[in-house]
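Student: Have a look at this one before I ask anything.
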Amino acid sequence: MHGLYSISRYLEGVSNLVGRIGVWLILALMIVIVTDVTLRRWFIIGSTKLQELEWHLHGALFLMCLGWAYTKNAHVRIELLSERWNSRKAAIVELLGCLLFLLPYVSAILIFGWDYTAYSIEYNEASASATGLPYRWIIKSMIVFGFGVLGIAGISRAIDSVIYLFGPQDLAEKTFFSKPHDQSGAS
């Protein structure tokens, strides 16, 4: 179990690193948006490249932070039920959710996203607009990359669930589930 715990921490560290790097895209996105708005408002100059760069940066930011948000429990959950669960029930639901929903979904996105990106690279796909950005494969490859990182985070969370449910007490206390979830004492 100690080996699994080390693997889980490593995978979580990878997803956190990618998320921390991705967060810096906010600065680039803000600069591009301010530049675009300034040019359009005061200089009456519209730029398709700037507008496309905005959504490329926004997409990359979102995709790079998916895994990080998942490991930090900053994603959307249905709290109506989960807030009433104790840590053991939360770990069971998390494990089942990872194995039955998250990881199969991520696998499907990776399989189809790989083909989607490969097609874009093969044909050197560019924007549909004549004045748009070239190399559309860059943003399409971010889909594969981002969901790959989400898969890594999901594996880390599934391992934590297994450790919490079946591992020794000293390791179970180090997992996400040993943190204050049992405030109500409900089961």
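Student: If we keep just the residues of the range 22-38 that are surrounded by fewer than 18 Cβ atoms within 10 Å (Cβ to Cβ) and in contact with a helix residue (DSSP H, G or I) (Cβ under 7 Å, 6 or more places away or on another chain), which is farthest from A60 (Cα to Cα)?
Tutor: Among those residues, the one meeting the criterion is T35.
Student: For the condition surrounded by 17 or more Cβ atoms within 10 Å (Cβ to Cβ), in a helix (DSSP H, G or I) and aliphatic (A, V, I, L, M), what is the one hit in I138, I143, I111?
Tutor: I143
Student: Moving to a separate point now. Where the second residue is in a helix (DSSP H, G or I) and modelled with pLDDT of 80 or more and the first is β-branched (V, I, T) and lies in the range 58-78, which pairs have Cβ atoms under 9 Å and are six or more apart or on separate chains?
Tutor: Between residues of the range 58-78 that are β-branched (V, I, T) and residues that are in a helix (DSSP H, G or I) and modelled with pLDDT of 80 or more, the close pairs are T71/L11; T71/E12; T71/S15; T71/N16; T71/G19; T71/A153; T71/S156; T71/R157.
Student: For the range 87-106, state whether one or more residues are among the small types (G, A, S), part of a helix (DSSP H, G or I), surrounded by 12 or more Cβ atoms within 10 Å (Cβ to Cβ) and at pLDDT 90 or above.
Tutor: Within the range 87-106, one or more residues are among the small types (G, A, S), part of a helix (DSSP H, G or I), surrounded by 12 or more Cβ atoms within 10 Å (Cβ to Cβ) and at pLDDT 90 or above.
Student: Does L165 fit the bill of being surrounded by fewer than 18 Cβ atoms within 10 Å (Cβ to Cβ) and under 18 Å from M64 (Cα atoms)?
Tutor: no
Student: Can you give me the number of residues within the range 87-103 that are basic (K, R) and within 17 Å of Q169 (Cβ to Cβ)?
Tutor: Of the residues in that region, 1 qualify.
Student: If you don't mind, another one. Could you figure out which of (1) under 19 Å from G146 (Cα atoms); (2) out of contact with any Leu (no Cβ under 8 Å at 6 or more places or on another chain) isn't true of E83?
Tutor: (1)
Student: Can you work out which of the residues in the range 53-68 that are more than 22 Å from S8 (Cβ to Cβ) and aromatic (F, W, Y) is surrounded by the most Cβ atoms within 10 Å (Cβ to Cβ)?
Tutor: F62
Student: Pairs needed: first member in the range 143-164, closer than 11 Å to Y5 by Cα; second member anywhere, of a type in the set (V, I, T) and surrounded by fewer than 21 Cβ atoms within 10 Å (Cβ to Cβ); C-beta distance under 9 Å; at least 6 residues apart or different chains.
Tutor: S156/I7; S156/V14; I159/I7; S161/I92; S161/V93
Student: If only one of K72, K49 is surrounded by 14 or more Cβ atoms within 10 Å (Cβ to Cβ) and in contact with a Leu (Cβ under 6 Å, 6 or more places away or on another chain), which one is it?
Tutor: Selected residue: K49, the only one of K72, K49 that is surrounded by 14 or more Cβ atoms within 10 Å (Cβ to Cβ) and in contact with a Leu (Cβ under 6 Å, 6 or more places away or on another chain).
Student: So the check is Cβ under 6 Å with 6+ separation or different chains; which pairs have a first residue in the range 11-28 that's within 18 Å of I159 (Cβ to Cβ) and a second one that's surrounded by 13 or more Cβ atoms within 10 Å (Cβ to Cβ) and of a type in the set (F, W, Y)?
Tutor: So the pair list comes out as S15/W68; N16/W68.
Student: Select from the range 71-86 the residues that are within 22 Å of K174 (Cα to Cα) and in a loop (DSSP other than H, G, I, E, B) and write down the one among them that is modelled with the highest pLDDT.
Tutor: Among those that are within 22 Å of K174 (Cα to Cα) and in a loop (DSSP other than H, G, I, E, B), it is K72.
Student: Looking at the structure I just gave you, is L150 under 20 Å from L57 (Cα atoms), surrounded by 15 or more Cβ atoms within 10 Å (Cβ to Cβ) and modelled with pLDDT under 90? Outline the logic, then answer.
Tutor: Values: under 20 Å from L57 (Cα atoms): yes; surrounded by 15 or more Cβ atoms within 10 Å (Cβ to Cβ): yes; modelled with pLDDT under 90: no.
Answer is no for this residue.
Student: Would you check which residues across the range 1-21 are over 25 Å from R136 (Cβ atoms), loosely packed, with under 15 Cβ neighbours inside 10 Å and hydrophobic (A, V, I, L, M, F, W, C) and list them?
Tutor: Matches in the range 1-21: M1, I7, L17.
The values are calculated or read from the model by the stated rules, or taken from the named source; none is laboratory data. Since the model is a prediction, treat every value here as computed from it, not as a measurement. Don't worry about glycine lacking a Cβ; one is built from the backbone with ideal geometry, like all the others, and counts go over all protein chains shown.
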